[in-house]
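In what follows, a structure is listed as structure tokens, so that the remarks can point back to it.
The values are calculated or read from the model by the stated rules, or taken from the named source; none is laboratory data. Quick caveat: nothing in here was measured; it's all calculated off a predicted structure. Because the Cβ atoms are built from the backbone with ideal geometry, glycine has one as well, and the counts that use them run over all protein chains shown. What goes into the accessible areas is simple: the full protein's heavy atoms, side chains included, and nothing from ligands, DNA or RNA. Shrake-Rupley method; radii C 1.70, N 1.55, O 1.52, S 1.80 Å.
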Amino acid sequence: KKHFFYQELRAVSSGTGPFHWLGGATYLKNHIDSDVRSPILMPLNPASSTLAVDNVTNYSIYGQVGYDITSHLTLTASARYNHEKHHTLFPATATQLTDESVGLKEHKVTPSATLSYKLDGGGTIYARWARGFKAGGVSTVVPPSTFPTNQGLTFNPEQVDTFEGGVRASLFDRKVQVTSAIFYNNYKNLQVTSRGTAANPALIFAIVNAPKARTYGAEASVTWRATQGLTLGINGGYLNAKYIKYQITSTVLQVDDFDHTRMINSPKVQGAFFADLDQPINDDYKA
């Protein structure tokens, strides 16, 4: 069961000069009530019990400024301050005689900078650096008393520094759109999954941090408005993704050593082709 409240306020400059800005703030209140069900083992009477009640409060303040150095060249810089607080309650059960709770608080500043150049005839060349942030949290699969140590109970925030350069261009009277980019991402405290050892079978799932990882690659796409209703497109990408330092040493979690191995869910080469036919049926409908 989940419900949340989110609110954002934003202000944007409206001047026509070379300096432009925007700023704002966000607020999030998130509530998740988790339970465990076993419909496969007991299909006629599924068992259900509250496992954890997780409350997250998050707010951020952000700002962005841009300056048109020339009519073609623009420098943009931004920063966001993030603050997040977790409070997780594990209600008492038949085997866990008292309520247990875990608290977690974190904050982070995430800056970015972009230099872009507008091409004659449409399109942009750009270079960008940004710092990303993925909040940490609490493992809600099993109560704290299941963990002989704190490892796996809570996990730290993940951070990535990304460097990217690319071009977006319109060709042949804007009938052809071309985009391409190269990138390098440097990760710290990458959030990965683990599980308990044979001696700790109750630890069926835990999130831990791999200290270092990196990815780099390139991607490109071309779309062509072949006719009034037909658009054709092709895209492809190359990705080299490795864990630089990923050794989990623990007395309760599975011991993993994936230093200098390829990251999971990161195909080396991928591509796609599509055709989009937009054909009017009558004045009110089209396919």
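Descriptive notes on the structure:
- Carbon plus sulfur fraction of accessible area for segment 118-235, probe 1.4 Å, in percent: 57
- Normalised radius of gyration (Cα atoms, divided by 2.2 N^0.38 Å) for segment 60-192: 1.60.
- For segment 190-281, the alpha carbon positions stretch 64, 30, 15 Å along the principal axes, listed from largest to smallest.
- Computed over the alpha carbons of segment 175-221, Rg followed by Dmax gives 18.7, 63 Å.
- The chain, dipole about Cα centre (Lys/Arg Cβ +1, Asp/Glu Cβ -1), debye to the nearest 20: 460
- Shown here are the Rg and Dmax of the Cα trace of the chain, at 24.7, 72 Å.
- In the context of the full set of protein chains, the chain has a per residue accessible area of 62 Å² (1.4 Å probe).
- Using the Cβ of Gln159 as centre and a radius below 15 Å, the other residues enclosed give a net charge of +4, where K and R count +1 and D and E count -1.
- Take the Kirkwood radius over Cα pairs of segment 121-236, plug it into Stokes-Einstein at 10 °C and 1.306 mPa s, and you get 89 µm²/s for translational diffusion.
- With 20 Å as the limit on Cα-Cα distance, the pairs of Lys108/Lys188; Lys2/Lys108; Lys29/Lys85; Lys2/Lys188 that go past it are Lys2/Lys108; Lys2/Lys188.
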